[in-house]
């Protein structure tokens with residue numbers, strides 16, 4: 001499965017990437033599994049996703065949880081807890 | 001109505017445009033969030049607001065829809081800015097209009113509590129000494145949102 005990944009705020013700064021297309025191995029089926037998989041993609045990803053418990057995710061622009069399945073997703077975003085307003 | 005923009009807004013003009021000369025509205029509440037010149041005892045020189053284009057608009061629209069499902073609003077408006085902002089500048093505007101003030105006040109507070117915890121914005125502050133840091137989310141904001149969870153209409 002190929003999906004577009006987006007990173008925001010300090011997650012983007014740590015990975016060094018704003019967005020990218022990736023092809024996921026079939027065993028990656030949930031948001032939490034995707035975060036664990038991303039962690040192994042290099043030092044920047046490792047430092048970003050070392051804080052996985054606080055990182056939030058969205059699938060196709062709607063908030064998702066670690067257990068949310070990613071099947072069929074076109075766009076998955078990772079970001080810190082929001083601080084607008 | 002929701003808007004996400006880099007430009008400033010004029011509160012008076014926005015309210016006037018929203019109400020459009022209607023005479024059936026009895027109560028209008030406006031809330032404006034602004035950039036403070038200090039945080040945690042330090043002077044703040046400026047702030048950069050990053051957001052997730054596309055999801056931001058979708059989340060704000062969802063929050064507004066939820067408010068309109070809970071209270072009989074006659075009009076509502078949310079404007080949120082992004083980009084580089086200095087102390088004293090406007091960040092966010094919420095306007096709610098209803099026949100009576102109770103609904104307008106409650107809906108405005110609800111909109112702020114929900115957008116603060118769900119709209120994908122992130123603030124990065126630069127202090128007077130030039131140090132930049134991401135603003136941490138506050139537990140008090142989650143608590144403010146949680147107040148509304150138990151009283152769905």
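Every number in this text was worked out from the coordinates using simple rules, so none of it is lab data. Just so it is clear, the structure is predicted and the values come from calculations on it, not from any experiment. Don't worry about glycine lacking a Cβ; one is built from the backbone with ideal geometry, like all the others, and counts go over all protein chains shown.
Could you work out [θ]222 nm for the protein assembly as shown from helices alone, using -39500 (n - 2.57) per DSSP H run of at least four and dividing by all its residues? Round to the nearest 500 deg cm²/dmol.
Numbers: 7 runs with 77 residues, N = 238.
After summing the helix terms and dividing by residue count, I get -10000 deg cm²/dmol.
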*Could you please state, rounded to a whole Å, how far the C-alpha centre of region A:10-85 is from the C-alpha centre of region B:105-125?*
23
*Looking at the square roots a ≥ b ≥ c of the eigenvalues of the Cα gyration tensor of region A:41-85, which shape do they give, rounded for a/c under 1.5, prolate if a/b is larger than b/c, or oblate?*
oblate
_Estimated distance in nm for a label pair at residue B:149 and residue B:16, the labels positioned 7 Å out from Cα along Cα-to-Cβ_ = 4.3
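Rounded to the nearest 0.05, what FRET efficiency do residue B:89 and residue A:21 give with R0 = 30 Å and r taken as the Cβ-Cβ distance? Could you check?
Working: r = 37 Å, r/R0 = 1.22.
About 0.25, to the nearest 0.05.
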*How far apart, in nm, are two points set 7 Å out from the Cα along the Cα-to-Cβ line at residue B:45 and at residue B:142?*
3.3
*Got the relative contact order for region B:1-112 handy, in percent, Cα pairs under 8 Å and 6 or more residues apart?*
42
*What nm value, rounded to one decimal, do you get for the distance between residue A:1 and residue B:127 when each label is placed 7 Å out toward the C-beta?*
4.3
*Between the helical axis of B:139-149 and the dominant principal axis of chain B, each derived from Cα atoms, what acute angle in degrees is found, rounded to the nearest 10?*
10
*What FRET efficiency comes out for the pair residue B:65/residue B:36, r = Cβ-Cβ distance, R0 = 35 Å, nearest 0.05?*
0.70
*Helix B:101-118 sits at what angle to the longest principal axis of chain B, using alpha carbons and giving 0 to 90 degrees rounded to 10?*
40
*Compute the long axis of helix B:55-70 from its Cα atoms, compare it with the longest principal axis of the Cα atoms of chain B, and write down the angle in degrees, 0 to 90, nearest 10.*
40
*Across peptide B:47-58, what mean number of C-beta atoms from other chains lies inside 10 Å of a residue's C-beta?*
4
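Compute the Rg to Rh ratio over the protein assembly as shown from the alpha carbon atoms, using the Kirkwood formula for Rh, and round to two decimal places. Walk me through the numbers on the way to the answer.
On the way: Rg = 19.3 Å, Rh = 19.2 Å.
Computed over Cα atoms, the ratio is 1.01.
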_How large is log10 of I(q)/I(0) for chain B at q = 0.17, 0.20 Å⁻¹ when the intensity is taken from the Debye formula with one equal scatterer per alpha-carbon?_
-1.01, -1.29
